[in-house]
Amino acid sequence: MKFRVYDNVDKKYVKGLYLDENGKLCTLRRIDFDIKASEELDPDRYTVEFSTGKFDKNGKELFHSDRVIDHYKRIMICEYSEHHSKWRWRAETETNFMFADINRWESKDFEIIGNIH
């Protein structure tokens, strides 16, 4: 499963991290020339954002927390609904209103304009 990681302290995306078999975010650190150790990272510091597997009209991959604009000029945020087990749209101005699941949308229907960070 593809994902990206946002560092909430340094306010930037970071690379070189992985999820272990228990779903915990980790990094490898070198102890010496041949030995590496896994180090679990603080889950409050980092936000893991999974890919939806969809792409916008420009071919850019859509991840959790991405902001998009649709063909009606509505700005929405992509998020995963645990309750419905689906990727959904949430209108940026209406925190409780959820749009239909994103799988009903075609790539031509939206453009990624940023993310919530």
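Bear in mind these aren't lab numbers, they're just calculated from the coordinates by the rules spelled out. Just so we're clear, the structure is a prediction, and the values are computed from it rather than from any experiment. Please note: Cβ atoms are built from the backbone with ideal geometry, for glycine as well, and neighbour counts cover all protein chains shown.
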Amide hydrogen neighbours beyond the local backbone of residue 92, cut-off 5 Å, H modeled
75, 76, 77
Multiply the residue separation of residue 58 and residue 41 by 0.36 nm, subtract the distance between their alpha-carbon atoms, and state the gained length in nm to one decimal.
2.7 nm
Karplus-derived HN-Hα couplings along the stretch 66-74 (A = 6.51, B = -1.76, C = 1.60, θ = phi - 60°), whole Hz, x at Gly and Pro:
6, 9, 10, 10, 9, 5, 9, 6, 8
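At a Förster radius of 22 Å, what calculated FRET efficiency corresponds to the Cβ-Cβ distance of residue 67 and residue 109, to the nearest 0.05? Please list the in-between numbers first.
Working: r = 15 Å, r/R0 = 0.68.
Efficiency, rounded to the nearest 0.05: 0.90.
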